[in-house]
Every structure is written in structure tokens, then in C-alpha cells.
Amino acid sequence: MSFKVPPQLEAQLDELATHYPQKRSASLMFLHALQEHFGHVSREAVEWTAGKLGLQPINVHELVTFYPMFRREPLGRTHVKVCRTLSCALAGSASLRRHFIEKLGLNPSLHGPQTTPDGAFTVEFVECLASCGTAPVVMVNDDLVEKCTTSDCDRVVASGRGKGGTR
Amino acid sequence: MPNEHRLILKHADQAGYTPDIECYQRHGGYEALRKALATPARELPDGKKQTPQEVVRDEVLKSGLRGRGGAGFSAGLKWSFVDRKSGKPIYLVCNADESEPGTFKDRQIIHKDPHQLVEGMIISCWANDVRLAYIYIRGEMPHGARLLNQALSEARAKGFLGKNILGTGYDLEIHVHRGAGAYICGEETGLIESLEGKRAYPRIKPPYFPAVLGLYMSPTIVNNVETLCAVRHIVTMGAGEYARLGTPNNTGTRIVSLSGDVVRPGYFEIEVGKATIGELIFDPNFGGGLKPGRKLKAIIPGGSSSKVLKAGEKFRLKRKGADGQMVQVETDLLDLPYDFDSLQQAGTMSGSGAIIVMDDTRDMVDALANLSEFYAHESCGQCTPCREGALWLAKGLERLSHGGGRSEDAEYLLHIAQNIQGRTICAFGEAAAWPVLSFVKKFKDDFVARGKADEEARARGVVPAHHH
Ligand SMILES: Cc1cc2nc3c(=O)[nH]c(=O)nc-3n(C[C@H](O)[C@H](O)[C@H](O)COP(=O)(O)O)c2cc1C
Ligand code: SF4
Ligand code: FES
């Protein structure tokens with residue numbers, strides 16, 4: 001995908017930058033918006049952000065490598081984050097992750113995020129999602145699935161398979 | 001039988017209660033702001049005069065409110081440290097990073113009653129001469145961020161926020177800022193760096209106390225979501241009335257997050273110290289007890305960074321006796337009142353107010369391995385003892401929980417943890433060390449036995465059964 005920030009998005013970002021006495025503060029918000037639009041944060045997105053905020057590309061690049069939510073590679077269209085921290089682990093999150101991984105033909109012994117070859121799904125373990133009282137929890141894109149069961153997993157997989165196209 | 005006392009969450013779960021401003025105002029919303037703005041100046045008995053803002057700050061101090069984010073520090077005292085003579089702007093940042101494992105209370109406020117936070121913030125900003133403030137919300141709460149943005153624009157449209165608030169001439173702007181998945185952004189100086197658009201590397205104190213050199217090297221107040229909501233109720237009720245809730249030095253209400261092996265996990269707002277740990281776990285109004293046939297093994301009382309407590313542990317608490325003298329009372333774990341001071345006297349802390357319960361089916365080695373993996377992943381990497389130590393702990397525990405243990409591992413883990421605590425820039429070092437120090441000391445037999453079993457299995461040439 002070629003890198004072109006639509007004027008409407010650029011206008012939104014220009015407005016965001018005015019929220020701070022120092023433009024650099026807007027970096028994280030820029031990266032969120034660009035990742036939402038393009039599916040990941042590319043080298044071009046880093047350079048564009050740096051240019052807009054009067055920074056060196058390294059100032060932005062070091063954010064992308066520090067903050068776990070930013071991705072340098074395209075993500076699956078359905079992004080599944082399974083919470084692995086204690087309360088969810090006590091409620092069976094390891095078997096939930098395995099269920100997703102096996103259902104999608106991914107490798108259960110690999111650590112870190114994994115994306116299906118067709119780009120439909122990314123599955124990963126993440127740390128506590130601040131919903132431990134309804135463990136185990138899974139985030140599917142922006143939505144939280146509480147007290148997640150294997151049949152919830154199956155529903156997520158079925159509806160993710162139904163979504164075509166690229167991000 | 002103790003019950004919830006819902007003040008902050010009074011309306012949150014009522015049928016038909018919605019997060020929009022009309023609903024909030026129908027329930028008395030923004031009346032506290034009007035009341036605060038109309039506070040008269042006052043003259044103290046010693047002839048000293050207080051401005052309306054000083055009066056409200058004084059009320060917050062007198063209410064006894066202690067921060068609900070983790071450290072339990074007096075909110076009024078924290079506000080009194082703010083450098084008001086620097087000539088620089090004063091900033092306020094709401095810490096909505098909620099990422100201490102076990103904690104899910106701020107989420108309830110943000111999602112169900114966002115205007116309450118906004119009102120608490122506007123009052124707190126006004127009382128501290130703040131004109132620009134931020135809500136730093138963790139990146140994994142996108143809906144929460146949208147709800148807060150919506151609430152802020154509704155408040156602006158009604159004249160509660162923006163220029164010339166309610167005709168008083170006071171200007172304030174509040175913006176939502178999203179984090180991006182790093183736990184260390186919850187630490188207040190890491191949060192400030194992150195808000196400046198940098199890696200969330202905590203700053204060293206001194207000199208970088210936020211009250212003096214915070215955001216953009218200006219005086220800055222960082223308060224937790226729940227703390228700022230409490231301010232709204234202190235203004236409504238008055239400091240004296242608020243301080244009658246809870247127990248001496250542990251005033252008001254607090255939302256307890258309860259998770260793990262209980263029948264009814266969830267959040268419960270209690271008067272601080274008016275329910276015991278045993279009641280929170282076993283009472284039908286709260287956790288409802290353990291699953292059938294299970295026994296209590298351990299609890300983590302204040303978020304994953306607090307020291308674990310073992311079932312059956314006894315503590316010596318200082319209490320006022322009948323004659324008014326302080327006496328030491330032996331207290332069982334289950335009889336510990338859930339408040340800041342009792343938990344501290346029990347050698348741990350109530351931290352973020354999050355209790356994680358583990359029953360007798362749980363393996364303490366596996367539980368600690370899980371937590372140590374969290375800390376290894378979340379260390380920001382600035383300090384060598386934390387960056388390396390947290391990783392060694394996680395690796396040692398991973399090995400011990402996957403069949404590669406040695407009988408000396410327990411000592412090895414203690415040794416590493418002891419060399420992290422007290423040697424780092426921020427309190428994350430303690431957060432990573434304390435679970436290890438407490439789990440290994442209190443459940444030493446489990447850790448040693450696990451290592452021994454692995455050694456024997458290796459000597460016989462078999463792969464231990466729990467290797468996977
Ligand atoms: C490693 C670490 C993580 C923290 N995470 C949070 C958090 O997620 N939310 C929070 O409110 N405070 C957190 N704190 C506490 C903050 O540093 C700070 O004390 C708090 O926001 C102050 O607000 P309060 O006085 O209202 O409690 C954390 C502290 C440490 C050391
Ligand atoms: S103690 Fe750990 S988290 Fe805190 S500054 Fe040092 S390396 Fe970073
Ligand atoms: S441990 Fe999974 S949401 Fe907190």
C-alpha cells in the first residue's frame with residue numbers, strides 16, 4: 001500500500017497537535033491514528049510523523065519499538081489479544097490461546113504475535129487488560145470479550161473468516 | 001453483615017443509567033462544581049485569609065482522602081507540595097492507565113460514569129489553578145477514550161469546561177491522551193515522559209518530583225481516576241461528613257477489585273476498613289466464598305506488586321485498647337480490616353485495591369512464574385538490576401515451573417530479588433521483587449520440593465511429568 005495520508009485524517013491530526021504546548025507530545029496519538037488507518041506503522045508513517053511534529057525520525061521510531069501496541073508489520077484484520085496475566089491464567093487463558101492457535105493452524109510453541117498467511121487473523125498473548133473480574137478476557141480488535149469460552153473463540157474465528165479485503 | 005457502600009459507583013450499575021451528560025445532571029451531576037465555584041473566601045481563627053481555592057484544597061486535606069492509585073498518599077498533602085511560585089503553569093494529569101494486574105475499578109467509572117471523573121477533575125483543576133489537564137488512559141481502552149472525549153465535549157457545550165466556566169472567568173481545557181500498552185506508563189514520572197511524547201522512562205526523584213518538575217518541567221499533579229472522583233464527593237458532602245465514612249486515617253470509600261478463585265469475582269465499593277479480607281472473600285455480599293470443596297491457599301492483597309499473604313498467617317496489629325492505650329492484637333489473615341494501615345502492618349499493602357484469591361488447587365511456583373513473566377516483559381530497561389534481574393527471575397521461574405528446576409533455585413530467586421529492590425530509579429524494582437520475596441519465603445517448601453523433584457527425575461533420566 002502506498003503511503004498517502006488522506007486530507008481529512010491530516011486535518012484531524014493537525015487539530016490533535018494543538019492539544020499540547022509542545023507538539024512532540026502528540027506523537028503517540030499520531031501513531032495510533034496512523035496505525036488505525038493503515039493497519040500498521042510503516043517507515044513512511046514514522047518519517048511523516050517526525051516531519052509533522054518537527055522531530056527526527058529516530059524520536060518516533062524509538063516509540064514504535066518501545067510501546068507494545070504499535071506494529072511495524074501489517075496485522076491480521078481480526079486482531080485477537082488473549083490476556084495471559086494471573087487472574088486470566090487462573091481462569092484458563094492458556095487453553096483459550098491454544099484453542100485459537102490450533103483452530104487457525106498457527107504454531108502453539110511460538111511466542112509473540114502470529115498472523116495467518118491470508119492476513120485474516122493475528123493472535124497474541126498480552127498482559128492484564130484490566131477486566132480480571134470477568135476472566136478470562138480476550139480483546140477482538142477494539143472489543144472486549146469477557147468470560148470468554150471456547151465457543152466464543154469459535155464465533156470470533158467464524159466471523160473473522162467472513163471478513164474479506166485488506167486493511 | 002458488612003455491605004457495599006456505594007458513593008462513587010452509586011449509579012453506575014442502575015438500570016437506565018447512561019454515560020451522557022443529561023443523565024448525569026438528572027442525578028445531581030455538576031452541582032458539586034457549582035458549589036465549589038461558589039465557595040466563599042474565609043478567615044481562619046488566627047486571622048489568616050483563605051481564597052476559595054485554598055478552602056477547597058483544605059477540605060480535601062481534612063477529608064483524609066488518600067490516593068487510590070497505589071501508594072495511598074494523602075491527596076491534600078500532595079496538592080500542598082505543588083510549587084505555586086515558579087511562575088510556570090500548573091498541570092494536572094489523571095492517571096487512567098489502570099494496568100496493575102488484578103485491578104479493574106477505573107474501567108467501571110470511565111465506561112459507566114465518565115462525567116463524574118470529568119467533574120472531579122474540573123473541581124481539582126480549579127482548586128489548584130490548573131488551566132490545562134490531561135486524562136492519560138491506557139491504549140487498550142479505546143471505548144473508554146471515546147466515552148471520555150464525548151463527555152468532555154458535552155461538558156464544553158454546557159459551559160462546564162473551556163473558556164469562562166459558568167461565567168466565573170476561569171478557563172480550563174482537558175484532553176484525552178492514549179497510552180500504547182506499556183505498564184510503566186502507570187508510574188507517574190513514566191506517565192509524564194510518555195505524555196511528552198517519549199519512551200516512558202521514569203525520572204529519578206529527587207529532583208524530578210512532579211509537584212515541582214513534572215510535565216514540561218512544570219509543577220504537575222498526578223492523581224488516579226478514583227481519587228479525583230472522591231474529590232467531587234468531598235465537595236458535595238463536606239470534609240467532615242466524608243471523613244466519617246471509613247475508619248480513622250483510612251477515610252471514605254474505595255472500590256475493591258476481587259478476582260481469582262472466588263464464586264463471585266467483581267468490584268465492590270466499601271467504606272475503607274469496614275470489611276475484612278475474610279468478609280470480602282467469603283461474604284455472600286462480596287466474593288461469596290470459594291468453589292465447593294476448596295480451601296484458601298493465598299491471596300495477593302493489593303495488585304500483583306503487593307506481597308502475598310498465606311492462609312492461616314497471623315499478624316500483630318496495633319489497636320487502641322479499651323483504656324485508650326495502644327495494644328498489639330494478634331489478627332488472622334481473614335480478620336485483617338481492608339485498609340491502608342492494617343495491610344501495611346501485615347507487611348504488605350492495599351496498593352491499587354485489587355485482591356487476587358488462590359485456592360488449594362493452585363501451584364505457587366506456577367503463579368509466581370506467571371507474575372514474573374509480566375515484570376520481565378514490562379521493565380522499561382533503564383536500570384540494570386531491574387532489566388536484568390526481572391528477566392533472570394522470569395527465566396529461573398520458567399525453568400522451575402517446566403521441569404528444569406534445582407533444589408537451590410529458591411535461594412537463587414531470593415538472591416536476585418534482594419538485589420533489585422532499593423537499587424532502581426522507580427518503584428517498579430520493588431514491584432518486581434516483592435512477589436518473589438514473599439512467595440518464595442512463605443511457600444519455600446513448595447519451591448524447594450519442586451526443584452528437588454526435577455533433580456531426582458533428571459538423575460533417573462526421565463523427563464519430569466510437568467514438563468510441557
Ligand atoms: C510500576 C508502577 C505502576 C503504577 N501503575 C499505576 C496505574 O496503573 N494507575 C494509577 O493510578 N497509579 C499507578 N501507579 C501509581 C502512580 O505512580 C501514582 O502514585 C498515582 O497515580 C498517584 O495517584 P493517587 O495519589 O491519586 O493514587 C503506579 C506506580 C508504579 C510504581
Ligand atoms: S526500576 Fe525498572 S521500570 Fe523503573 S526505571 Fe528502572 S528499569 Fe525502568
Ligand atoms: S489478568 Fe486478565 S484482565 Fe487482568
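The values are calculated or read from the model by the stated rules, or taken from the named source; none is laboratory data. This is a predicted model, so every value here is computed, not measured. Every residue, glycine as well, gets a Cβ built from its backbone with ideal geometry; the counts of neighbours run over all protein chains shown. Only protein heavy atoms, including side chains, enter the accessible area calculation; ligands, DNA and RNA are left aside. Shrake-Rupley method; radii C 1.70, N 1.55, O 1.52, S 1.80 Å.
If you take every DSSP beta bridge fully contained in chain A, what fraction is antiparallel? Give it as a percent rounded to 5. Expressed as a percentage, antiparallel bridges in chain A total about 55. Angle of helix B:384-401 to the longest C-alpha principal axis of chain B, folded into 0 to 90 degrees and rounded to 10: 50°. The listed residues B:R42, B:R199, once ranked by accessible area (1.4 Å probe) with the largest placed first, stand as B:R42, B:R199.
Let me know the shape class of segment B:398-456, please: from the alpha-carbon gyration tensor, a ≥ b ≥ c as square roots of the eigenvalues, rounded when a/c is under 1.5, otherwise prolate if a/b is greater than b/c, or oblate. Prolate, because a/c is 1.5 or more and a/b exceeds b/c.
Within 10 Å of the Cβ of each residue in A:78-90, the mean number of Cβ atoms contributed by other protein chains is 6. How big is the gap, in Å, between the Cα center of segment B:111-160 and the Cα center of segment A:1-50? Answer, in whole Å: 23.
The string of couplings for segment B:26-38 from the Karplus curve (6.51, -1.76, 1.60, θ = phi - 60°) is 4, 9, x, x, 6, 6, 5, 4, 4, 5, 4, 5, 8 Hz, one whole number per residue in order, with x for Gly and Pro.
Just to confirm the number: angle between the C-alpha axis of helix B:52-62 and the first principal axis of chain B, 0 to 90 degrees, nearest 10? Helix B:52-62 sits roughly 30 degrees off the main axis of chain B. Per residue, the accessible area of segment B:126-169 comes to 37 Å² when a 1.4 Å probe rolls over the protein heavy atoms. Phi angles across segment B:110-125 convert, under the Karplus curve 6.51 cos²θ - 1.76 cosθ + 1.60 with θ = phi - 60°, into 3J(HN,Hα) values of 4, 7, 9, 8, x, 5, 4, 5, 4, 5, x, 5, 4, 4, 5, 5 Hz, Gly and Pro given as x. The distance from the alpha carbon centre of segment B:1-69 to that of segment B:357-436 is 41 Å, rounded to a whole number. Across A:H32, A:H37, B:H5, B:H415, the residue with the most accessible area heads the list, and the full order at a 1.4 Å probe is B:H415, A:H37, B:H5, A:H32.
Dividing the summed helix terms, -39500 (n - 2.57) for each DSSP H run of n ≥ 4, by the number of residues in chain B produces a 222 nm estimate of -11500 deg cm²/dmol to the nearest 500. Residues whose amide H lies under 5 Å from that of B:E269, counting only those 5 or more places away or on a different chain, are B:H5, B:V256; hydrogens are built 1.01 Å from N in the peptide plane. Expressed as a whole percent, the accessible surface of segment A:7-66 that belongs to carbon and sulfur atoms is 49, based on a 1.4 Å probe.
Beta bridges per DSSP, both residues in segment A:70-144: antiparallel share near 55 percent. Ordering B:H377, B:H175, B:H27, A:H111 by accessible surface, largest first, gives A:H111, B:H377, B:H27, B:H175; the 1.4 Å probe counts only protein heavy atoms, with every chain in place.
By the rule of a C-alpha distance below 20 Å, with chain neighbours fewer than 8 residues away ignored, the lysines paired with B:K85 are B:K48, B:K49. Charge dipole (Cα centre; +1 on Lys/Arg Cβ, -1 on Asp/Glu Cβ; no other charges) of segment A:17-167 amounts to roughly 80 debye.
Against the main long axis of the alpha-carbon atoms of chain B, helix B:409-418 sits at an angle near 30°. Centre-to-centre, using Cα atoms only, segment B:222-263 and segment A:124-156 are separated by 29 Å. Around the amide H of B:G246, modelled in the peptide plane, lie the amide H atoms of B:G252, B:V272, all under 5 Å away and 5 or more residues distant in sequence or on another chain. Candidate cross-link partners of A:K4 among the aspartates and glutamates, defined by an alpha-carbon separation under 18 Å and a same-chain spacing of 8 or more, comprise A:D14, A:E36, A:E44, A:E47, A:E73. Based on DSSP H runs of at least 4 residues, each adding -39500 (n - 2.57), what is the mean residue ellipticity at 222 nm of chain A after dividing by all its residues, to the nearest 500 deg cm²/dmol? Per the formula, -13000 deg cm²/dmol.
Here the 3J(HN,Hα) profile of segment A:125-137, calculated from phi with Karplus coefficients 6.51, -1.76 and 1.60 at θ = phi - 60°, is 8, 10, 8, 2, 9, 6, 8, 5, x, 10, 5, x, 10 Hz, Gly and Pro shown as x.
The mean number of partner chain beta-carbon atoms within 10 angstrom of a residue's beta-carbon across peptide B:260-270 is 2. DSSP assigns beta bridges within the protein assembly as shown; of those with both partners inside it, close to 55 percent run antiparallel. Per residue, the accessible area of chain A comes to 46 Å² when a 1.4 Å probe rolls over the protein heavy atoms.
The amide H of B:I90, built 1.01 Å from its N in the peptide plane, has B:R131 as neighbours under 5 Å, considering only residues 5 or more places off or on other chains.
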